[in-house]
Amino acid sequence: MKLAACINHVPDTATKVNIGPDGKTINKAGVTYVISPYDEFAIEECLRLKEKQGGDVTVISLGSNAHKESLRKALAMGVDKAVLLKDDSMRDSFGVARALADYLRELSPDVVFFGKQSVDYDNSAVGLMVAEMLDLPSVSVVVKLDIADGKVVAEREIEGGREIAETKLPAVFTAQKGLNEPRYPSLKGIMAAKSKPIEERQASAIQAKVETLAMRKPPAKPAGKIVGTDSSAVPELVRLLHEEAKVI
Amino acid sequence: MKILTFAEQRDNKLKKPAFEAVRTARSLAAEAGGEAVALVVGSNVQSVAPGLGGYGAQKVLVAEDPRLDFYSPTAYARIIAEVAKLQKATLVVIPATAMGKDLAPRVAVKLDAGLAVDCTAIRMEGGALIATRPVYAGKALIDVKMNSGVNVLTLRPNVFSSGASDGTAAPTEKIALALEEKDFASLVKEIKQVSGKLDVAEADIIVTGGRGLKGPENFALIEQLAEVLGGAVGASRAVVDAGWRPHDEQVGQTGKTVSPSLYIAVAVSGAIQHLAGMSSSKYIVAINKDKDAPIFQVATYGIAGDAFEIIPVLTAEVKKLLGKG
């Protein structure tokens, strides 16, 4: 099976976000960048499918040279090949999807895996846009996946439960937490990754479809009231919720 | 401006975010000058369609076929895009539910449209549509100008008001469908409902427990309070990772982002990633022994005390207030 995982290199989730000098993007100073957490489930699932059914795994990322750090980590986890689609510009989901789709069309994998959303922009869009551009079926937010003889049964999370969806390969999936436990790279894997090549390609150029005008912090919350330190404060709390907030 | 709103249904019943989206589309059309119509897709939805008129839909298009009973991303996306083209829609509005987030990217590609996901505000400015959406799990907001000829927006549930129905019955129009087998290349076969449980993503009141509860058996306190309030039980990442609660209850950056009217955080310290998932709740109550816990920085009201002592009393007081005691 030919497997492909598309990953993003993003600020880690503990980052305190400050607005950068351009007023439109995050201030990168002091920020630690990592593989977007949902993308780790995507890499892991590809590795497991390879281990069970044979094949090879390619990991792809679109971005600047900094993305090589995340590609190396994926190589250290055990993927066979890494590709950087080089682009230093800010792209919207459409632009990212277009570049990935152009490369994937050439690679022609049986399975393309994304994280359900990239934890920077939270668009949950690129994976499904790629599926549409490649005219492939998809199942998103996958928590369980079974593939046998090219037939797929997947469970995805919805409000209050799960959908059981069926499709056939080739297909696109986006991973949700709970799909698997991503492996830590072994020392052997880390050493081997140092000498595995990262193929570099120029990403196709594209016109953005939406324009970010500004990034700002959410409105500051007014200071709250601590109404007490034990259960004697409960009647006052309930009164406030009922009369002031009017939520109960 | 011509706006097409996809009104999500499950089991042939319209979901609340559908009413919110229809109402918002109508307000926007009124402001920008234009028309707002809605689309319902399913196996037996003709009877619920006119009800969308009460929320502002000027016409409801009905795409009905027994094969559309269960969700199929490929079939539903094809229908939405084709109807949008037929209706010459310049804006497609979809609720940012699990189904909506699955559909919107495909619809955007089919329509060669700009896309803004999980929006918390929209406005017209100088003739342009500006969408505001959270990024970095809500640690920042971006204002996005929707420049394209056609645009697609998904709206975060429980943020835009649906208002009450004024009882108007909208005229409906049946769409002639020419669906083929390949349209169902990905198809839902079955839904596993977590029985009797209200999902945090759909709840207007959430009671979340954290690691300070010391053990899974103490979540009974949370469940009782949630039940009395008619709310959902939420969980911090720590208790999910410890195996005390299932992942579908997790609130936070790698769980669900919620905007309920009331969020009660019990024995939750308030790590950045948890706050990211719930800080846009309208009212937040924090119960924590540690008065310096970060959760108090976002709480509207708090009690800096022992949850084991406070929660049973709170449950009893709420029961009394609601006449359930």
Among the residues of the stretch B:223-248, which ones are of a type in the set (Val, Ile, Thr) and within 20 Å of the chain's Cα centre (by Cα)? B:Val233
Scan the stretch B:159-181 residue by residue and report those that are surrounded by 15 or more Cβ atoms within 10 Å (Cβ to Cβ), touching an Asp or Glu at 6+ places or on another chain (Cβ under 9 Å) and not in a loop (DSSP other than H, G, I, E, B). none
Give me a count of the residues in the stretch A:48-62 that are surrounded by fewer than 24 Cβ atoms within 10 Å (Cβ to Cβ) and touching a residue at least 40 places away in the same chain (Cβ under 8 Å). 8
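Take A:Asp146 and tell me if it is part of a strand (DSSP E or B), surrounded by fewer than 13 Cβ atoms within 10 Å (Cβ to Cβ) and either more than 7 Å from chain B (Cβ to nearest Cβ) or in contact with a Ser or Thr (Cβ under 7 Å, 6 or more places away or on another chain) (or both).
Yes, satisfied.
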Would you say A:Ala154 is under 30 Å from B:Lys139 (Cβ atoms), within 12 Å of another protein chain (Cβ to nearest Cβ) and assigned to a strand (DSSP E or B)? no
How many of the residues making up the stretch A:182-233 are within 14 Å of another protein chain (Cβ to nearest Cβ) and part of a helix (DSSP H, G or I)? 3
Single match in A:Lys217, A:Lys194, A:Lys221 (criterion: closer than 30 Å to B:Ile311 by Cα, of a type in the set (Lys, Arg) and surrounded by fewer than 16 Cβ atoms within 10 Å (Cβ to Cβ)): A:Lys221
Identify all residues within the stretch A:80-95 that are free of Cβ contacts under 8 Å to residues at least 60 places away in the same chain, assigned to a loop (DSSP other than H, G, I, E, B) and not acidic (Asp, Glu); write none if there are none. A:Ser89
I'm checking my understanding of the structure. Among residues of the stretch B:199-224 that are over 16 Å from A:Gly178 (Cβ atoms) and part of a loop (DSSP other than H, G, I, E, B), which one is farthest from the other protein chains (Cβ to nearest Cβ)? B:Gly215
Checking A:Gly150 against (1) more than 27 Å from B:Ala96 (Cα to Cα); (2) touching a strand residue (DSSP E or B) at 6+ places or on another chain (Cβ under 9 Å); (3) without any contact (Cβ under 8 Å) to a residue 40 or more places away in the chain, the condition it does not meet: (3)
Among the strands (runs of 3 or more DSSP E) lying completely within the stretch B:46-137, list those that include at least 1 residues that are among the hydroxyl-bearing types (Ser, Thr, Tyr), surrounded by fewer than 22 Cβ atoms within 10 Å (Cβ to Cβ) and free of Cβ contacts under 8 Å to residues at least 24 places away in the same chain. B:128-135
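Every number in this text was worked out from the coordinates using simple rules, so none of it is lab data. The structure presented is a predicted model; accordingly, all values stated were derived computationally and were not measured. Cβ sites come from the backbone with ideal geometry, for glycine too, and all protein chains shown count toward neighbours.
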